[in-house]
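Heads up: the structure comes next, in structure tokens.
Every number here is computed from the coordinates shown, using simple stated rules; none is lab data. The shown structure was predicted, so the numbers you read here are calculated from the model rather than taken from an experiment. Backbone-built Cβ (ideal geometry, glycine too); neighbour counts: all protein chains shown.
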Amino acid sequence: MSSLWLSSIQSSRVARFEAFLFPVVWNSKGVRWGFQQWKSRSFCVLLNRKTCQHVGTLRTKQLPLYCCLSSEAVVRLNTSELPATSNIPPSILEKTKEKLHLLPNHPLHILKTLIEKSIEEMHPREFSFYDDLPQLVSTKDCFDDLLVELNHPSRRYTDTYYWDEKHVLRTHMTAHDTTLLRAGKRAFLLTGDVYRRDSIDKSHYPVFHQVDAVRIFDRNTSQNEDKIIADLKSTLEKLAKNLFQSDMEIRWVDGEFPFTYPSFEMEVLWNGSWLELLGCGLLKRGVLDAGQVDKDSKGWAFGLGLERLAMVLFDIPDIRLFWSKDERFLRQFRDGEITKFKPYSKYPSCYKDITFWLSEKFHENAFYELVRSIAGDTVEQVTLLDEFHRNNKTSHCYRIVYRSMDRSLTNDEVDEIQDKIREEVARRLQVTLR
Ligand code: DAH
């Protein structure tokens, strides 16, 4: 590694920082980055590989760790061109900038803060909290280190957004666990946006938010697994009580995750039915090894999805509302308070059907995503209405329901979107329109 001083680089945006002299490090791939701690804040400067031009400054409390962990990924997501083999559409790449969980007074931010506060109260000064780790992770972090089998559906190109063969938009926050363990962290809670190629309806969206936490115990406690499980369950029961603000009924059922054993799921009785709230368990030895945790230590982990929880607690009927910029939605919520959403009048919906003969290349998730990438949030739902077979060929008919959360759509506008969808589906998925 060699280094150069940032102050020698000509860039007006960098000039502001000249006085602080950032050391800039070259990593193995020739990408340069640097950071400096100043008044307990950290800055990371990203430079274009070839031209040495300043392309961005990242500023976060967590930066030294964040840079050391994933400097390559950070640089990629911010500055490189999307590789030709990537299956990430621009509409999804745009979402990486939103970070809804960091927006003050947003329901997802309210829950994140409440969860962090509960954990801090239960285990004072023990946990580190992260909410801005880079969304692009390696397949090693996301799958291999977590013992996710090679043929597991979550690894499929049809289910996950691949940047290139070795990097994905994280499909779960657990993807950061072994990296943080290797960095010496022994208790942490992470919040962030996660990405999965999925169908479209009121409760599914290709981007959602998760909280994931890990707590490692010293060798004395680790000798008694039951004690660790009891600690896990009591932590989560208290957390659930804080979130639901009442003594609701809780039950534990056995779960199955590649990275924990034993595994459990917590369900809460809510309005008469059992709601699956979270997954958890003891981290498997293989995962602890990947995290370089010493042989005598053990620990627990848990993970939960924020949208589903927020939809229940705030009475939010449609997952797209979280992405709404409509003041009638945003103005309803206040940090620190869980209040019921008051629906405002919905704009009218309309639907259009599309029918085609499938091709070899066709996959439902690719179709949903193509619809979403063209229609954006004006599409409320896509459903398979009909399937039939003739002469070894299969035909699908889908109904696309259009409705905007923010305005009335015109007929012409919807027709135009539908035409574009027909054109692109035929071209990209090679189906034969009927
Ligand atoms: N990563 C899991 C998912 O996305 C959720 C999860 C389950 C996380 C169990 C955990 C855990 O940390 O222990 O479905």
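Which peptide among 379-390, 109-120 comes first, and what is the full order, when sorted by highest mean count of other Cβ atoms within 10 Å? Please report the intermediate quantities before stating the final value.
Values: 379-390: 13.5, 109-120: 19.4.
The most tightly packed comes first, giving 109-120, 379-390.
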The base-10 log of I(q)/I(0) that the Debye equation returns for region 138-270 at q = 0.09, 0.10 Å⁻¹, one scatterer per C-alpha, is -0.33, -0.41
Principal axes of region 246-288: Cα extent on each, largest first, Å: 40, 16, 11
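For Met122 and Asp159, what does the FRET efficiency come to when R0 = 30 Å and r is the distance between their Cβ atoms, rounded to the nearest 0.05? Please list the in-between numbers first.
Values: r = 35 Å, r/R0 = 1.16.
About 0.30, to the nearest 0.05.
How would you rank 344-352, 422-430, highest first, on the average number of other Cβ atoms within 10 Å across their residues? Before the final figure, lay out the partial values.
On the way: 344-352: 12.4, 422-430: 14.6.
My ranking of the peptides, most packed first, is 422-430, 344-352.
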Under the Karplus relation with 6.51, -1.76 and 1.60 and θ = phi - 60°, whole-Hz ³J(HN,Hα) for region 352-358, x at Gly and Pro, equal 9, 9, 9, 10, 7, 7, 6
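For region 266-417, rounded, prolate or oblate, judged on the Cα gyration tensor with a ≥ b ≥ c (square roots of eigenvalues), a/c < 1.5 rounded, else prolate if a/b > b/c? Can you show the working numbers first?
On the way: a/c = 2.52, a/b = 1.32, b/c = 1.91.
Cα axes put region 266-417 in the oblate bin.
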Mind listing the long-range amide H neighbours of His209? Cut-off is under 5 Å, sequence gap 5 or more, other chains count too, H placed in the peptide plane at 1.01 Å from N. Val194, Leu306, Glu307
Cβ-based charge dipole, region 266-378, positive-most Cα from Leu309, Gly376, Ile338: Ile338
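Ranked from highest to lowest mean number of other Cβ atoms within 10 Å per residue, what is the order of the peptides 304-310, 201-207?
304-310, 201-207
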Long pairs among Lys185/Lys295; Lys97/Lys140; Lys166/Lys420, criterion Cα-Cα beyond 27 Å: Lys166/Lys420
Apply the Karplus parameterisation 6.51 cos²θ - 1.76 cosθ + 1.60, with θ equal to phi minus 60°, to every residue of region 338-350 and state each ³J(HN,Hα) to the nearest whole Hz, in sequence, with x for glycine and proline. 9, 10, 7, 5, 9, x, 9, 4, 7, 6, x, 9, 8
